[in-house]
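Working notes, beginning with the structure itself.
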Amino acid sequence: MIKAGLPENIAIQKEARNSVTKAATVFVSYLAAAANDCAREGGHKTIMSNDVFKALEAVGLADFIPQLTTELEAHSQLMKEKKEQAAKNKAADKEAEAAEDGEEHAEDGEERGED
């Protein structure tokens, strides 16, 4: 993930990767704690996206909100599309299964000499 954010010709030492990973973990924990405070102030226990945005404002990182909002919308759209596709696949599987069952029942009738 770290390499994906860097130009191709840049190498990063293992120690530097570990440092970035640790810093990201600390940052996420800090932001989650701030978002939890925002959630509690809002009267709920579950952290929601708006709580994270409020936390970003509270810690002085409001400049990230527009890009994160765009990314969240794109992610939500992708998840919606995946869910719709899964539902279509499930319906198609049921139709195929029902068609196979119908064919089997028809074959059973033919074997018994039923028309």
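So here's what we get for this one:
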quantity	calculated
Search result, residues across region 1-54 that are of a type in the set (Asp, Glu) and in a helix (DSSP H, G or I)	Glu15, Asp37, Glu41, Asp51
Filter result (of a type outside the set (A, V, I, L, M, F, W, C), within 15 Å of Ala58 (Cα to Cα) and within 22 Å of the chain's Cα centre (by Cα)) within region 14-42	Ser29, Tyr30, Asn36
Meets criteria (within 27 Å of Ser76 (Cβ to Cβ), among the hydroxyl-bearing types (Ser, Thr, Tyr) and open to solvent by 80 Å² or more (accessible area, probe 1.4 Å)) for Thr46	yes
Filtered residue count, region 11-43, keeping only those that are more than 24 Å from Ala74 (Cβ to Cβ) and out of contact with any helix residue (DSSP H, G or I) (no Cβ under 8 Å at 6 or more places or on another chain)	20
Evaluation of Ala23 against (1) small (Gly, Ala, Ser); (2) at pLDDT below 95; (3) loosely packed, with under 11 Cβ neighbours inside 10 Å (one fails), failing number	(2)
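The values are calculated or read from the model by the stated rules, or taken from the named source; none is laboratory data. Not measured: the values here are computed from a predicted model. Every residue, glycine among them, receives a Cβ derived from its backbone with ideal geometry; neighbour counts consider all protein chains shown. Note: areas computed on protein heavy atoms with side chains; ligands, DNA, RNA excluded. Shrake-Rupley method; radii C 1.70, N 1.55, O 1.52, S 1.80 Å.
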